[in-house]
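Remarks on the structure that follows.
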There are 2 protein chains.
Amino acid sequence: MGIDRRVARTRTALYDALVALIRRKDYATITVEDILAEANVGRSTFYAHFTSKDDLLQRSLERLRDLLIEVQQGSGHGADATGWDPARTLFEHVSEYADVQAALAGGHGGAVLREAVDKVLADVLRQAMGTGLVGGLPRELVIQHVVATFNTTLHWWFEHRPEMAPAEVDALFRQLLLRGLPAGAAAPFIVMADPA
Amino acid sequence: MGIDRRVARTRTALYDALVALIRRKDYATITVEDILAEANVGRSTFYAHFTSKDDLLQRSLERLRDLLIEVQQGSGHGADATGWDPARTLFEHVSEYADVQAALAGGHGGAVLREAVDKVLADVLRQAMGTGLVGGLPRELVIQHVVATFNTTLHWWFEHRPEMAPAEVDALFRQLLLRGLPAGAAAPFIVMADPA
DNA sequence: GCAATTTCCGAACACTGTGTTCGGTATCGT
DNA sequence: ACGATACCGAACACAGTGTTCGGAAATTGC
């Protein structure tokens with residue numbers, strides 16, 4: 001009693017259509033009708049599977065989650081002693097898809113997209129961390145911070161230095177995450193020594 | 001030849017209405033008609049001043065920007081050797097408004113709101129940093145990272161430890177920002193051995 | 001105060017998009 | 001082949017957007 005081929009076909013068609021649209025339009029401006037046209041799926045059929053555009057997005061991202069887990073678990077079977085860097089792999093992977101980065105950077109729809117992706121990243125990371133120590137810091141805060149820093153770096157990369165190599169970006173990412181800001185970098189916000 | 005009082009009244013009424021609504025509804029579900037009802041303003045009048053709900057939001061946040069600049073420059077007290085801590089002041093200030101935090105945390109509308117607030121925070125910070133040093137790190141990346149870390153911390157606070165004191169939260173914030181994660185905390189995401 | 005100007009109101013309108021319903025048709029699993 | 005299931009697509013009610021326009025009301029400058 002496997003899954004009916006028709007439902008599988010319909011769903012993947014909708015997933016693919018959404019992704020295709022995201023790559024060329026701002027997420028916020030995409031309508032259900034756009035998706036139907038792109039996927040060649042009937043209106044009632046759509047609502048038989050998903051409750052809304054956002055619902056479709058979330059379920060679409062489950063694929064991303066699986067992909068991330070795969071990438072991340074490829075480490076255990078690889079060179080685990082020398083260390084494996086999922087973040088760098090992600091930077092490298094993402095660097096090949098400028099349109100995806102543009103979608104994540106985009107104005108109104110970008111925020112919604114980013115939040116959804118953040119959630120997936122956090123889930124994967126949370127699972128990967130297991131019940132490991134967090135060095136005295138609250139576990140969930142660490143997770144959110146890692147995700148946020150990754151996203152910030154990625155966004156900055158695309159917006160300000162798109163020509164930079166993934167390895168360099170990764171180095172910046174690690175600096176921010178593991179060492180923090182140099183003493184004087186955050187002066188005005190942290191400790192004000194402002195000549196007012 | 002000042003600004004017509006009717007204009008001023010209408011605009012502040014709309015600003016206030018939006019803020020009031022944000023405090024009790026998810027931003028995404030707020031309609032222009034809600035705003036009109038709350039502010040007692042005619043439909044055509046609204047569109048004579050703003051092009052959309054998002055436009056109104058952005059202009060409303062200009063007030064927030066002014067407030068932040070005031071807070072940041074009002075460092076008359078406590079400006080000793082240890083300096084003045086705008087972040088801590090912000091944590092303390094925000095802790096008094098649970099509904100605002102809820103609005104920023106909220107699902108769909110939260111993301112849009114956060115992005116708008118992030119933009120304002122980044123502007124203020126950018127101006128405050130002037131042409132100061134950034135310790136070898138790209139200036140804009142530092143700004144975005146500070147803002148993102150602040151927001152992450154704030155969000156985590158509200159979601160997971162609302163009873164925590166502002167000073168403690170500020171300490172966590174500074175730890176993340178200035179020292180980074182302790183070795184091992186981010187083990188699954190970051191490589192252990194540091195090739196830098 | 002008074003007049004000229006500006007703004008506000010509110011109803012009407014066209015438009016876009018959402019989400020549901022239902023009978024007929026095509027496709028699937030066995 | 002047959003029964004079950006999924007898909008189609010048109011029609012519908014509904015909510016929200018953004019514009020237009022004439023008349024009423026408030027404001028400013030004098």
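The values are calculated or read from the model by the stated rules, or taken from the named source; none is laboratory data. Since the model is a prediction, treat every value here as computed from it, not as a measurement. Cβ sites come from the backbone with ideal geometry, for glycine too, and all protein chains shown count toward neighbours. The protein model used for the area step is the full one, side chains on, heavy atoms only, and it has no ligands, DNA or RNA in it. Shrake-Rupley method; radii C 1.70, N 1.55, O 1.52, S 1.80 Å.
Worth pointing out:
- Dipole of the protein assembly as shown, positive end: most advanced residue of A:Ala39, A:Ala128, A:His108 [Cβ charges, Cα centre]: A:Ala39
- Among the protein heavy atoms, those of A:Leu137 account for about 10 Å² of accessible surface (1.4 Å probe, every chain in place).
- Taking the 1.4 Å solvent-accessible surface of the protein assembly as shown as the whole, the part contributed by carbon and sulfur is 54%.
- Inter-chain neighbour count for B:118-130: the average number of beta-carbon atoms from partner chains within 10 Å of each residue's beta-carbon is 2.
- Extents of the protein assembly as shown, taken as max minus min of Cα coordinates on every principal axis and listed largest first, are 73, 54, 42 Å.
- Net charge of neighbours whose Cβ lies under 15 Å from the Cβ of B:Ala165, counting Lys and Arg as +1 and Asp and Glu as -1: -3
- Principal axis box of chain A, alpha-carbon based, largest edge first, Å: 62, 47, 32
- Loop sites in the stretch A:132-177: GluC sites (Glu not before Pro), DSSP, at most 10 other Cβ within 10 Å: A:Glu163
- Value of [θ]222 nm, deg cm²/dmol, for chain B, DSSP H segments ≥ 4, -39500 (n - 2.57) each, nearest 500: -20500 deg cm²/dmol
- Relative to the longest principal axis of the Cα atoms of chain B, the long axis of helix B:108-129 lies at roughly 70 degrees.
- Near A:Pro182: Cβ cut-off under 13 Å, other residues only, Lys/Arg at +1 and Asp/Glu at -1. The net charge is +3.
- Surrounding net charge for B:Arg88, when Lys and Arg each add one and Asp and Glu each subtract one, Cβ distance under 10 Å: -2
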